[in-house]
Amino acid sequence: MRTTLICHHDSPLDRLVLAGWLASFSTLAGIVVIEEMGGRRRTRIVREWERSGLLGLADVLAFRVFYRAALAAGDARWTDETVERLAARYPVPPDVPVLVASSPNAPEVFEFLRAREADVCIARCKTLLKRDVYSCARTGTFVMHPGICPEYRNAHGCFWALANADPGRVGMTLLKIDDGIDTGPVYGWFTYPFDARRESHIVIQARVVLDNLDAIAERLGEIHEGRAGPLDVSGRRSAVWGQPRMTRWIGIRARAARAS
């Protein structure tokens, strides 16, 4: 099985760990590294304002300030330690072709992926992919979405499951990309015994992937070989979520403290 990876330059868990993990059970044919322009962040802020209004946006921005002041340093240490440990287990082969681009939908990305002739592509990017890009992989392009779909689509599904007191849906969804926002066929749900009192939503959404790497590799192989099909999600509610909010974070920690 030939694979490719699309990831962001500032995500070492993807660029260093998941790349090496793919190489451990498949032929890693190429890596696309995205270095976004500054306008993408402004675009996301505008979209959140359109979705949530002025008060909702203020709630989002308050959480971002809080996160940088209170949580970011601890999460950065956790990330560094995790990368050091797992990168030793999953080294990235030095001869894997790498393309650096400003957007995963850039023409050069399409040409690069088409030339790699991959069976499976793993997309770890924040931008919706155009059809010609996600169709390059023969078996399909898959995302490891931080949230249980269809209930928790779009951004930060683990955070919103916690915020909604829905711990049974704090997890990751392996799904095949289509034209919608996390609406493609679902091939698996994965979780682990998280600790909402001591772990941030960032750590949780990383661990729902990292703690299940062996199982995910097995599932991808089954999909490629035609031994695993989509799971039935008919009749389940579906919702699109946005960025984490300060008021909801307070609720998450209050519930976790009461449950401890």
- request: Could you check the simple spin-label distance between ALA254 and ASP80, using points 7 Å along Cα→Cβ, in nm with one decimal?
  value: 3.5
- prompt: At what distance in angstrom do the alpha carbon centres of the stretch 104-145 and the stretch 207-246 lie from each other?
  reply: 18
Order by protection proxy (mean Cβ within 10 Å, highest first), peptides 187-200, 87-100, 143-156: 143-156, 187-200, 87-100
field: Probe 1.4 Å, all protein chains present, accessible-area order of ARG114, ARG258, largest first
entry: ARG258, ARG114
field: Chain lengthening between ARG89 and ARG64 when straightened (0.36 nm per residue, less Cα-Cα)
entry: 5.7 nm
query: At what distance in nm do the modelled label points of ASP211 and MET37 sit from each other, each positioned 7 Å from its Cα along Cα→Cβ?
result: 4.0
- request: For an R0 of 41 angstrom, estimate the FRET efficiency from the Cβ-Cβ distance between SER24 and THR247 and round to the nearest 0.05.
  value: 0.45
- prompt: Whole number please: convex hull volume per residue of the Cα set in the stretch 1-123, in Å³?
  reply: 118
message: With a cut-off of 8 Å between alpha carbons and a minimum separation of six or more residues, what is the relative contact order of the chain in percent?
response: 21
Solvent-accessible area per residue, Å², over the stretch 74-224 with all protein chains present [probe radius 1.4 Å]: 43
field: the stretch 69-171: Rg to Rh, with Rh as the Kirkwood radius over Cα pairs
entry: 1.03
query: Hey, with R₀ at 45 Å, roughly what FRET efficiency would ARG198 and SER102 work out to, going by the Cβ-Cβ distance, to 0.05?
result: 0.75
- request: Give me the number: length gained by fully extending VAL46 to ALA73, i.e. 0.36 nm times residue separation minus the C-alpha to C-alpha distance, one decimal in nm.
  value: 7.0 nm
message: Nearest 500 deg cm²/dmol is fine: what mean residue ellipticity at 222 nm does the chain get from its DSSP H runs of n ≥ 4 alone, each adding -39,500 (n - 2.57), divided by its residue count?
response: -13000 deg cm²/dmol
message: At 0.36 nm per residue, and after removing the present C-alpha to C-alpha distance, how many nm does the segment from ASP10 to LYS126 gain when stretched out fully?
response: 40.5 nm
field: Amide hydrogen neighbours beyond the local backbone of ILE148, cut-off 5 Å, H modeled
entry: GLY171
message: Compute the angle between helix 213-224 and the longest alpha-carbon principal axis of the chain, please, reported from 0 to 90 degrees and rounded to the nearest 10.
response: 50
field: Peptides 54-65, 225-236 ordered by average Cβ neighbours within 10 Å, highest first
entry: 54-65, 225-236
message: Can you tell me which of GLY140, GLY184, GLY53 moves the most in a GNM of the chain? Springs connect C-alpha atoms under 10 Å apart.
response: GLY53
- request: List the relative contact order of the stretch 109-239 as a percent without decimals, with contacts defined as Cα pairs under 8 Å and 6+ residues apart.
  value: 23
task: Round to a whole angstrom and tell me the spacing of the C-alpha centers of the stretch 55-88 and the stretch 160-193.
output: 21
message: At 1.4 Å probe size, with the rest of the protein present, what percent of the exposed accessible area of the chain is carbon and sulfur atoms?
response: 53
Debye-sum result for the chain in log10 I(q)/I(0), which assumes one identical scatterer on each alpha carbon, at q = 0.07, 0.09, 0.11 Å⁻¹: -0.24, -0.40, -0.61
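The values are calculated or read from the model by the stated rules, or taken from the named source; none is laboratory data. This is a predicted model, so every value here is computed, not measured. As a convention, Cβ positions derive from the backbone with ideal geometry for all residues, glycine included, and neighbour counts pool all protein chains shown. The protein model used for the area step is the full one, side chains on, heavy atoms only, and it has no ligands, DNA or RNA in it. Shrake-Rupley method; radii C 1.70, N 1.55, O 1.52, S 1.80 Å.
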